[in-house]
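Everything on this sheet refers to the single structure shown next.
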Amino acid sequence: MSEGRGSAATNESSMSEPKLKSAPLAYNNESFLASPDGRILRLLSEYIEPLSRFRREQIQDTVVFFGSARVHSRDSAADQMNDVRSNGTGLAAAQQALDMKRAEAALDMARYYEDARRLAYLLTEWSAHIPARRRRFVVTTGGGPGIMEAANRGAHEAGGRTIGLNINLPFEQFPNPYITPSLNFEFHYFFMRKFWFAYLAKALVIFPGGFGTLDELFEILTLAQTEKLAKKIVVVIYGSEYWKKIINFDAMSDAGTISPQDLELFKMADSPEESFEFLKEALTKYHLGPQQPKRKGEAATPEIAKTRP
C-alpha cells in the first residue's frame, strides 16, 4: 500500500513541474544564424537564394552597368544648380563659390546619367525581341542611385525586367524604384555580390565612377585577360573624356605591365548609339550564334554555370 502511495506522489510531483520549452529548429535559430558559426550558411544563402530566383524568373544572362552612385539626372542637377545660384540660405561668398563649382560639375556629369538611361533602353528593347526560352541580356546594376538608377530606369521604361544587386552598408543604400521587385536583391557579403555580377554577365558597361567602379572594372578585365571564364565578356568603357584622365592604358602597355593585345579586351565609346551597336554586334556574334558542340563526356551544364574546367 505504501509503495502505491509513493508512486502516486511521484506522478503528482512530475505533473506539477513546468514543461521545458522546445528549442528552436536550427534553421529558425536567429542567434545561431547570425553568429560566426552560422557564416557558412549565410554564404550559401547568398548563393542559393539568388540562383533559385534567377531560375524562377528565367534569367539566362545579363548586361551589367557600373558607374558612380553620385551622378544625378539632368533635371535633378539643374535644380541643384538653381538652388545654389539663388543662395536662399545666405551662404558666405566663398562657400557659395565652392558649392557653385560642385553644382556645375554635377550638371556636366549628368549627361552620363542620361546616356546610361538611353543605352539601357536600347539594349532592353532589342533583347525583348530575341527569340529565346529565357530572358537574355537583362540590364543589371548594383541597385542604388546614380548610374545604377539610370540603367534600371532605362530598362524599366523599355518595358523589360531589370535586376538590382544591392549591398547592405552602414550608410543605407536603398534600392532605386526602377528595379523589378522580384529581381531586387540585398547582399551582406561583397564577394557574393561580385560573384553574381560576373556569373551571369555577358557584357559590362563601365560609366564614370569611383573606387567601386574601378574595382569592378579591373576584376572583370583580369578574369577576361586570364581566360578564367569560359564565356566571352564584352566590355565597354563609356566616356573617353573622363577615363583617359583617370587611367592611362597605353602607358601600361608601353611599360610592359600589360600586353598590347590586352587593350583589345575593351572598347571605349562616347554615345549610347555607338555603344549599343557594338554590344549588339558582339553579343550576337559570341552568344547568339550556333552553340559550340560539347566535348565527349562533358556534362550538360546549365548556361549560367559555365566556367573553365
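The values are calculated or read from the model by the stated rules, or taken from the named source; none is laboratory data. As the structure is a computational prediction, the values presented were derived from the model and not from experiment. Don't worry about glycine lacking a Cβ; one is built from the backbone with ideal geometry, like all the others, and counts go over all protein chains shown.
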Legend entry - Residue count, the range 239-292 (criterion: surrounded by 12 or more Cβ atoms within 10 Å (Cβ to Cβ), touching a strand residue (DSSP E or B) at 6+ places or on another chain (Cβ under 6 Å) and without any contact (Cβ under 8 Å) to a residue 40 or more places away in the chain): 4
Legend entry - the range 31-57 - residue that is in contact with a Lys or Arg (Cβ under 9 Å, 6 or more places away or on another chain) and not in a helix (DSSP H, G or I) and, of those, farthest from H188 (Cα to Cα): E57
Inset, instruction - Keeping to the range 141-179, report how many residues are surrounded by fewer than 17 Cβ atoms within 10 Å (Cβ to Cβ), of a type outside the set (F, W, Y) and either within 23 Å of W126 (Cα to Cα) or out of contact with any Asp or Glu (no Cβ under 9 Å at 6 or more places or on another chain) (or both). - result: 6
Legend entry - Filtered residues of the range 201-216 (kept if assigned to a helix (DSSP H, G or I) and surrounded by fewer than 17 Cβ atoms within 10 Å (Cβ to Cβ)): F211, G212, L214, D215
Inset, instruction - Report yes if some residue within the range 217-227 is within 16 Å of V64 (Cβ to Cβ), crowded, with 21+ Cβ neighbours inside 10 Å and touching a helix residue (DSSP H, G or I) at 6+ places or on another chain (Cβ under 9 Å); otherwise report no. - result: yes
Inset, instruction - Show the residue pairs that are 6+ apart or on different chains and have beta-carbon atoms under 9 Å apart, the first residue being within the range 158-181 and free of Cβ contacts under 8 Å to residues at least 60 places away in the same chain and farther than 14 Å from P50 by Cβ, the second being among the aliphatic types (A, V, I, L, M) and in a strand (DSSP E or B). - result: A158/V139; G160/V138; G160/V139; T162/V138; T162/V139
Legend entry - Subset tally (residues that are of a type in the set (S, T, N, Q) and closer than 23 Å to L217 by Cβ) for the range 55-72: 2
Inset, instruction - Scan L183, L204 and give me the residue that is at pLDDT 95 or above and more than 19 Å from S68 (Cα to Cα). - result: L183
Legend entry - Single condition F191 does not satisfy, out of (1) free of Cβ contacts under 8 Å to residues at least 40 places away in the same chain; (2) touching an Asp or Glu at 6+ places or on another chain (Cβ under 8 Å); (3) in a helix (DSSP H, G or I): (2)
Inset, instruction - Considering (1) assigned to a loop (DSSP other than H, G, I, E, B); (2) within 26 Å of A77 (Cα to Cα); (3) at pLDDT 95 or above; (4) over 16 Å from the mean Cα position of the chain (by Cα), say which one I237 fails and leave the rest. - result: (1)
Inset, instruction - Within the range 108-124, identify whether any single residue is buried (at least 19 other Cβ atoms within 10 Å of the Cβ) and among the polar types (S, T, N, Q), and answer yes or no. - result: yes
Legend entry - Residues of the range 69-82 satisfying the condition of being in contact (Cβ under 8 Å) with a residue 12 or more places away in the chain and either outside any loop (DSSP other than H, G, I, E, B) or touching a strand residue (DSSP E or B) at 6+ places or on another chain (Cβ under 9 Å) (or both): R74, S76, A77, A78, Q80, M81
Inset, instruction - Among the residues of the range 260-290, count how many are more than 26 Å from the chain's Cα centre (by Cα), at pLDDT 95 or above and small (G, A, S). - result: 0
